[in-house]
Every structure is written in structure tokens, then in C-alpha cells.
Amino acid sequence: MNKIVLDANVLYSNILRGLFLWLSWGSLFQITWSDEIWDEVFRNYSDDDEVKQKFRQNIEGGVFKPFSASKKVLAGSFDLVGLPDKNDEHVVALARQQNCSTIVTLNLKDFPDTLLSPVGISVCSPDLFLCDLFLSVPEEVKDGVLQHMKAQTKMKPTKAVYLEKLKNAKATRFASILETEDAAGNLFPEVWP
């Protein structure tokens with residue numbers, strides 16, 4: 001099974017975080033993050049401390065509970081690979097320590113392939129990862145999307161709203177694939193009509 005590290009910018013996005021969690025729940029891949037990655041999400045979430053605390057409590061107390069094994073402890077010392085931003089080195093270190101093959105991030109420029117390939121790690125955007133996953137197991141991905149939509153009992157998004165959220169989260173090609181599937185009648189009926 002493919003093991004991946006989700007970078008903070010993927011965990012920050014509600015739609016991407018939820019979709020990656022649901023797809024991993026279906027055993028399509030194994031996700032990993034660390035306290036350091038999660039703290040980066042938390043630090044950047046809001047300037048309002050009350051909003052930050054509520055967000056953290058909601059995610060840690062509910063959303064992340066079934067995925068507690070995904071949060072790994074980063075060993076204190078690790079070899080650096082020479083990333084442009086040394087503050088990102090902990091992401092690569094986690095991938096190496098947990099034998100993850102891929103880092104999924106929106107900040108591709110911060111993780112040059114020339115530095116990661118020699119240590120056996122690839123980097124890709126959430127959009128590319130989701131598109132590739134769809135090409136290999138389309139029915140399982142469509143089921144993961146369906147389950148993710150069903151779980152959104154407060155917002156109850158239509159398919160169009162859900163797909164627009166994916167596009168806004170820079171998963172445009174993946175959203176287009178799902179739109180094409182929907183237009184051909186190959187997706188699923190509206191979850192929240």
C-alpha cells in the first residue's frame with residue numbers, strides 16, 4: 001500500500017483534508033502527518049485564538065479520532081536534504097522515517113525532485129495524486145467521494161458545489177474528471193437533493 005505524507009497545506013483545506021481522509025479510510029493509501037505538520041496548520045488557521053481553539057478541538061476531537069495511527073512522532077534528529085526552505089525539512093524527514101513514497105503538497109517548488117528523488121521520495125500536488133488514483137481505481141475513488149459527501153451533514157453540498165470546492169482547492173483536473181463522469185451518468189445521484 002502506498003504511504004504518503006500530507007503536507008500542512010493539504011491538511012489546512014477542509015475539502016482536501018476530508019477527501020484524503022475518506023479515501024485512506026477505504027485503504028487506497030496510508031496517510032501520515034506529524035505534530036509539526038499539524039501545528040503548522042493550526043498556526044496558520046486564524047488570527048483569532050478562540051477560532052483556532054474551536055477548530056483544533058473539532059478536528060482533533062472528532063475528525064482525526066479514527067485516524068490517530070496516522071499521526072507519527074518525528075524523531076528528534078534527522079538528516080537534511082537541502083530544501084530551499086529549511087523549515088520544510090521535517091516533512092521530508094517524516095517521509096523518510098515512516099518509509100513514505102510520496103509527499104502530497106501544494107508547494108511543489110519547495111520540494112525539488114532533484115533533492116527528493118535520490119532519497120526515494122516523490123512529490124506531487126493533491127490534484128495529480130487524485131487524478132492518478134482515479135486512473136488506477138476509479139470506482140473506489142468515486143465511492144470515497146460519495147462517502148465524503150454523505151459525511152457533510154451540516155453543509156449538505158450538491159455535486160456542483162462540492163466540485164467547485166475541489167476546484168477552489170486547486171484540484172481542478174480531478175474535479176473535471178468527476179464532472180465528466182457525472183455528465184456521462186457514471187458518478188452517483190445527488191446526495192443532498
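The values are calculated or read from the model by the stated rules, or taken from the named source; none is laboratory data. No experiment lies behind these values; they were computed from the predicted model shown. Heads up, the Cβs are rebuilt from the backbone with ideal geometry, glycines too, and the neighbour counts pull from every protein chain shown. Note: areas computed on protein heavy atoms with side chains; ligands, DNA, RNA excluded. Shrake-Rupley method; radii C 1.70, N 1.55, O 1.52, S 1.80 Å.
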Evaluate the stretch 131-143: report whether one residue or more is open to solvent by 60 Å² or more (accessible area, probe 1.4 Å), in contact with a strand residue (DSSP E or B) (Cβ under 9 Å, 6 or more places away or on another chain) and in a helix (DSSP H, G or I).
-> yes
Apart from one, (1) surrounded by 14 or more Cβ atoms within 10 Å (Cβ to Cβ); (2) within 18 Å of Ile37 (Cβ to Cβ) all hold for Lys165; the odd one out is (2)
If you go through Ala151, Ala169, Ala175, Ala93, the only one that is of a type outside the set (Lys, Arg), in contact (Cβ under 8 Å) with a residue 60 or more places away in the chain and within 19 Å of Asn9 (Cβ to Cβ) is Ala169
Considering every residue within the stretch 69-78, establish whether at least one is touching a His at 6+ places or on another chain (Cβ under 9 Å), open to solvent by 30 Å² or more (accessible area, probe 1.4 Å) and not in a helix (DSSP H, G or I). yes
Expected single match for over 21 Å from Leu128 (Cβ atoms), of a type in the set (Asp, Glu) and either assigned to a loop (DSSP other than H, G, I, E, B) or out of contact with any Lys or Arg (no Cβ under 9 Å at 6 or more places or on another chain) (or both) among Glu190, Glu164 is Glu190
If you go through Thr180, Thr102, Thr114, Thr158, the only one that is more than 20 Å from Leu11 (Cα to Cα), polar (S, T, N, Q), out of contact with any His (no Cβ under 6 Å at 6 or more places or on another chain) and open to solvent by less than 70 Å² (accessible area, probe 1.4 Å) is Thr158
